Amino acid sequence: MKPIWTQRRYPLTVAGVVGLGPVARALGARLWRRGLDGFEGVAGPGVLAILGDAPPWADGAVFIGREPEAPGVWLPTARTLSVHPALLARRLQQDGHRGPVAVLEQCIIPLGEARSIDPTLFRRWLG
């Protein structure tokens, strides 16, 4: 049975933001203008995850937060799954996901590689 996404009754505390596709570039540009200090990130083709307090925003981005019942699982702050977070965390581990992961409706993003953002590499990623 496939898990169902629903509105969360009480939102999670914002601890990061994710942009996919063109939203990733827009989010990256916002972060660049604002400054990289105090943030960690993970980037790849068509994906940008920024971790830290009060991250920047771009239309279409998804704020994420740590799931209290499964600290290694980060979910959209306003959405939750029909599956108990501890069961989700166990399934993610069984599927080979080690370390923290962001689970979105579209994809799973490994966050274990998040590091302070290097300005030279980030500028190259932005293009």
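The values are calculated or read from the model by the stated rules, or taken from the named source; none is laboratory data. Only a predicted model underlies this, so the values are computations on that prediction, with no experimental measurement involved. No Cβ is skipped: glycine too gets one built from the backbone with ideal geometry, and neighbour counts run over all protein chains shown.
Please enumerate the residues belonging to the stretch 1-15 that are touching a residue at least 12 places away in the same chain (Cβ under 8 Å), not in a strand (DSSP E or B) and not hydroxyl-bearing (Ser, Thr, Tyr).
Quick first cut of the stretch 1-15, residues touching a residue at least 12 places away in the same chain (Cβ under 8 Å) only: 3-8, 11-15.
When the remaining residues are screened for being not in a strand (DSSP E or B), the result is 3-4, 8, 11-15.
Within the stretch 1-15, Pro3, Ile4, Arg8, Pro11, Leu12, Val14, Ala15 meet the criteria.
Residues that are part of a strand (DSSP E or B) and hydroxyl-bearing (Ser, Thr, Tyr): does the stretch 78-91 have at least one? Reasoning before the result, please.
Restricting attention to the stretch 78-91, the residues satisfying the condition of being part of a strand (DSSP E or B) are 79-81.
Now drop any that are not hydroxyl-bearing (Ser, Thr, Tyr), which leaves 80.
Yes, because at least one residue in the stretch 78-91 is part of a strand (DSSP E or B) and hydroxyl-bearing (Ser, Thr, Tyr).
Considering Leu12, Leu88, Leu81, Leu31, the condition of being surrounded by 18 or more Cβ atoms within 10 Å (Cβ to Cβ), more than 23 Å from Pro119 (Cβ to Cβ) and touching a Pro at 6+ places or on another chain (Cβ under 6 Å) is satisfied by Leu81 alone.
For the structure I just gave you, tell me whether Leu92 is in contact with a Leu (Cβ under 8 Å, 6 or more places away or on another chain) and more than 30 Å from Arg124 (Cβ to Cβ). It would help to see each step written out before you state the result.
Details: in contact with a Leu (Cβ under 8 Å, 6 or more places away or on another chain): no; more than 30 Å from Arg124 (Cβ to Cβ): yes.
So Leu92 does not fit the description; no.
Residue count for the stretch 80-122, restricted to those that are within 18 Å of the chain's Cα centre (by Cα) and within 27 Å of Arg9 (Cα to Cα): 20.
Give Gly99, Gly72, Gly60 a once-over and let me know the one that is in a strand (DSSP E or B) and either touching a Cys at 6+ places or on another chain (Cβ under 7 Å) or closer than 28 Å to Arg25 by Cα (or both).
Going through Gly99, Gly72, Gly60 in turn, the sole match is Gly72.
Would you confirm, using the coordinates I've provided, whether Thr77 is among the β-branched types (Val, Ile, Thr) and more than 13 Å from the chain's Cα centre (by Cα)? Criteria not met by Thr77. Of all residues in the stretch 25-53, those satisfying the criterion of being modelled with pLDDT of 95 or more and within 20 Å of Arg79 (Cα to Cα) are Val47, Leu48, Ala49, Ile50, Leu51, Gly52.
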